[in-house]
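Each value in this text was obtained by applying a stated rule to the coordinates, not by laboratory testing. Nothing here was measured: the structure is a model prediction, and the numbers come from that model. Note: ideal-geometry Cβ built from the backbone for every residue, glycine included; neighbour counts use all protein chains shown.
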Amino acid sequence: MVITRESSDGDIYDTSESEDLCKGVKQLSENGLHRVPSKFILPVSDRPDTNVEDQNVVTSNLIQLPIIDFAELLGPNRPQVLHSLSHACEQYGFFQLVNHGIPDDVVRRMMDVCRRFFDLPYEERARYMTTDVEAPVRYGTSYSPTRDTVFCWRDFLKLLCHPLPDFLPHWPSSPLDFQKEAATYAERTRYLFLTLVGAILESLGLGIEGPNKDEREQEEVEDILKGFQDGSQMIVANYYPPCPEPELTLGIPPHSDYGFLSLLIQGEVEGLQIQHQAQWVTVRPVPNTFVVNLGDHLEIFSNGKYKSVLHRALVNAANSRISVVSLHSLPFTHTVRPSSKLVSEKNPKLYKDTSFGDFIEYLSTKEPKGKEFLDSRKLS
Ligand code: OGA
Ligand code: NI
């Protein structure tokens, strides 16, 4: 199939084979395009700047996320930090994690090795292209390449991370230091997740210790924490090349993340937006911090007390942008259900028990959009 697009000045825009589109947007961007192919053009209502007056969304409408100090969480001020954490989770679904204890150079080297992966010749990257969603490593383009009706302006590399010895040998062997840097990063973020998720359970009143814990509750908490020890982890490196018409498309469309928690790092280039109080607002990159957001599983587990929040990524004409997201949840074989502690006569169960299989089945029939998967798990 040949894709054409007529420009406003009557110029017939260069034809691209659809196979070329599947090679990814880095490829397109390097071909020196002046316009985006029609496959990437969103309907007007979905374009990035339609619900703000100022066209220059990226530098207006900034949001200051709540700041959680990880070092303080582990110290004598834990009760206050748990209180802030609970507020951040309820009001924002996002927070900024500072003093997280992962050395700056571990983060910097991970960003750097991912950038060098995307800089490899296409043929090298293409070795990891697959439609198998359970593959240990997956390179591709857009959001859900087999389902998207409109493509988005991103290439990605996804790595399954746990148990590490099972997956590491399958990860890209080029750049030569890729496996080493990514493994270090995976282990450090995993530790961070385990500590954070424990604190989040505690902020929901589900600590391991404490007064008035009945046996059933104790068991439930221990079970889920044990689940997290063996839990799934996937690292996604996103590459958003410069885009000639950033106002017509998105790097990643509005979505919520699937698991319990996501830990994101971005370079210096802005792009991440979250939905807050019915507005799209930009999360400005802050060096040496993680942006942490709650996923669908945490919304289900908390029986809706905490919510996963829609977010998206804008692209821009001047710079490429890279982000690395570490997604954490229970093992793929586990079922996620509202915590019995958070279900009562007054607070009825709001979500169906949900497994990874349910998600895969959903994806096989529908284009992933917004929070539609989670909506399909609601008990009405
Ligand atoms: C994601 C995501 C946002 C970004 O990969 O799930 O939301 O800023 N990325 O790249
Ligand atoms: Ni996301």
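Points to keep in mind about this one:
- Whole-Å distance, taken between Cα centres, linking the range 273-352 and the range 164-193: 24 Å
- For the range 44-376, size of Cβ-based charge dipole, Lys and Arg +1, Asp and Glu -1, in debye: 140 debye
- Ignoring lysines fewer than eight residues from Lys341 along the same chain, the ones with Cα atoms less than 18 angstrom from its Cα are Lys213, Lys226, Lys305, Lys307, Lys349, Lys352.
- The label-point distance for Asn319 and Ser38, in a model that sets each label 7 Å from Cα toward Cβ, rounds to 3.4 nm.
- The 3J(HN,Hα) values that the Karplus relation (6.51, -1.76, 1.60; θ = phi - 60°) gives for the range 76-83 are, in residue order, x, 8, 3, x, 5, 5, 4, 5 Hz. Gly and Pro appear as x.
- Note on Ile63 and Val98: their simple-model spin labels are 1.9 nm apart, each label 7 Å out from Cα toward Cβ.
- Using alpha-carbon coordinates, inclination of helix 178-203 to the longest axis of the chain, degrees: 40 degrees
- Here r is the Cβ-Cβ distance between Gln218 and Lys352 and R0 is 30 Å; the resulting FRET efficiency, rounded to 0.05, is 0.75.
- Crossing angle, helix 356-365 versus the chain [Cα axis fit, 0-90 degrees, rounded to tens]: 30 degrees
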